[in-house]
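Below you'll find the structure, written out as structure tokens, and then a few comments.
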Amino acid sequence: MSFQLTAEQKMVRLMARDFARKELEPAAAQRDKEEIFPVKVVKKMGQLGLLGMMVPVKYGGAGAGAISYCLALQEIAYSCASTAVTMSVANLSTEPLLKFGNEKQKSKFLVGLARGDLLGCFALTEPGAGSDPGSLSIKAEDQGSHYLINGTKIFITHGQYADVVNLIARTGTEKGSKGLSAFIIEKGTPGFSIGAREDKMGLRASNTVELLFENCKVPKENLLGKPGTGFKIAMTALDSGRIGIASQALGIVRACLDESIRYAGERKQFGKTINSFEAIQWMIADMATGLEAATLLTLSAAWRKDHKMPFTKEASMAKLFASELANKSAYLALQIHGGYGYLKDFKVERLYRDARATSIYEGTSEIQRLVIARELLKDRSCE
């Protein structure tokens, strides 16, 4: 396993960095304050291939691979974590179609998603089913020529702006994860509407809404994969999604580190800059060491994905470690800034709020530990 970046991967990283510094960074604080979803910026990201990075070229994607995706997403998150989660979910939404869609579905939906002509979202969570997808209650009843869907999804990233929804619903009578199926829901489908928009602590420039389904009539041709395979499809998508969230967390950590180093070199106390104090140096050292470790964990998961190897455990390890580190680094960065870090005039205040969600969505830290332990114990039982 080698993480010597190729010329193409370096070019992707530089492209994303340049885009983020010019298009995202200048207005990131304002968008956060006013909860502005950057429609035009997201469209530009699609045109650059950032919303379909792991989709093959023949389906309109960049065909860049998971490592390039990680590198690009880190750069976006460094400047604006809100836009990074939009990029992460948009890429995640291509995964079910790529892995389980038929050629007609790929032609109709995947190509548009990969090119950025369409924006996709992923609808799994419900009011009574978060960490436990086996408790999903939204129902899709087979009516012969179509399915009739009724229920509510919550915490859906950019759901208000999505053209295509990857929906997991219950089609069978079996309890738990069995009996779940995946559907493609198109914007404007009768019976499908947008519910409440959430007022969040952080990631405020990322739109988060409820999706409401009231006798929503969905054609049979929009069933993704076979009936009853919804849980498998969702977990496959989340494996890739966790690499994305780990990458988002890495961008936040790097921003915390850079802001801390800069501020510590400017702020003076007791007649000298605070970067001369051991206590500050230790905080910076801890952030930098963690960043190096989290980067290797994330690239390891991405490398395995690129080489078509199992990566469930590695993705959960990366997501767990990187998200916990993001929270710790944001705390340390704010501590280094002191009272100034508590003010919205300083970037670390936003980083502190944005970091918190990384250890919650797409599987809490506790769920990641369960996944890691399950995979380890499964591996041992096969020896």
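Rounded to the nearest 500, what is the 222 nm mean residue ellipticity of the chain from helices alone, with -39500 (n - 2.57) per DSSP H run of 4+ residues and division by all residues?
Using -39500 (n - 2.57) per qualifying helix, the result is -16000 deg cm²/dmol.
Give the order of Lys44, Lys58, Lys305 when sorted by the count of other beta carbons within 10 angstrom, beginning with the fewest.
Lys58, Lys44, Lys305
Take the chain, connect every pair of alpha-carbon atoms lying under 10 Å apart with a spring to form a Gaussian network, then pick out the residue of Gly134, Gly188, Gly290 with the largest mean-square fluctuation.
Largest GNM mean-square fluctuation: Gly188.
Please quote Rg/Rh for segment 7-115 to two decimal places, taking the Kirkwood radius as Rh and restricting both calculations to Cα atoms.
0.99
Within segment 176-197, name every residue whose backbone N is under 16 Å away from a label modeled 7 Å from Cα of Ser135 along the Cβ vector.
Under cut-off, by backbone N: 176-178.
Find the lysine pairs in segment 120-231 meeting two conditions, Cα atoms under 21 Å apart and a separation of 8 or more places or different chains, and report how many there are.
Close lysine pairs found across segment 120-231: 19.
Assuming R0 = 51 Å, what is the FRET efficiency of Ser276 and Thr6, from their Cβ-Cβ distance, to the nearest 0.05?
With R0 = 51 Å, the Cβ-Cβ based efficiency is 0.80.
For Thr157, Thr358, Thr295, Thr6, what's the fewest-to-most ordering of other Cβ within 10 Å of each Cβ?
Exposure proxy ranking, most exposed first: Thr6, Thr295, Thr157, Thr358.
Quick one: compute the contact order of segment 120-231, relative version, from alpha carbon pairs under 8 angstrom and 6+ residues apart, as a percent.
32 percent
Tell me, what is the percent relative contact order of segment 232-381, built from C-alpha pairs under 8 Å that lie six or more residues apart?
Computed value for segment 232-381: 31 percent relative contact order.
Give me Lys313, Lys344 sorted ascending by neighbouring Cβ count inside 10 Å, so fewest comes first.
Neighbour counts put them in this order, fewest first: Lys344, Lys313.
Using only the alpha-carbon atoms, what does segment 120-231 span along each of its principal axes? Please give whole angstrom values in decreasing order.
For segment 120-231, the Cα extents along the three principal axes come out at 41, 29, 21 Å.
State, as an integer percentage, the relative contact order of the chain based on alpha-carbon contacts under 8 Å between residues 6 or more apart.
Over the chain, the number comes to 16 percent.
Work out, step by step, the length gained on full extension between Ala293 and Glu266: first 0.36 nm times the residue separation, then minus their alpha carbon distance; give nm to one decimal.
Gain on extension, Ala293 to Glu266, equals 6.9 nm.
Using only the Cα atoms, work out Rg/Rh for the chain, with Rh taken as the Kirkwood radius, to two decimals.
0.99
With a 10 Å radius around each residue's Cβ, average the other Cβ atoms per peptide and rank 222-234, 267-279, highest first.
Highest-to-lowest ranking by the protection proxy: 222-234, 267-279.
Once you have the Cα-Cα distance between Leu148 and Ile360, take 0.36 nm times their residue separation minus that, and quote the gain in nm to one decimal.
Gain on extension, Leu148 to Ile360, equals 73.2 nm.
A short reminder: the numbers here are calculations on the coordinates, not readings from a lab. Remember, it's a predicted structure, so these values are computed and weren't measured experimentally. All Cβ positions, even for glycine, are placed from backbone atoms using ideal geometry, and neighbour counts span all protein chains on display.
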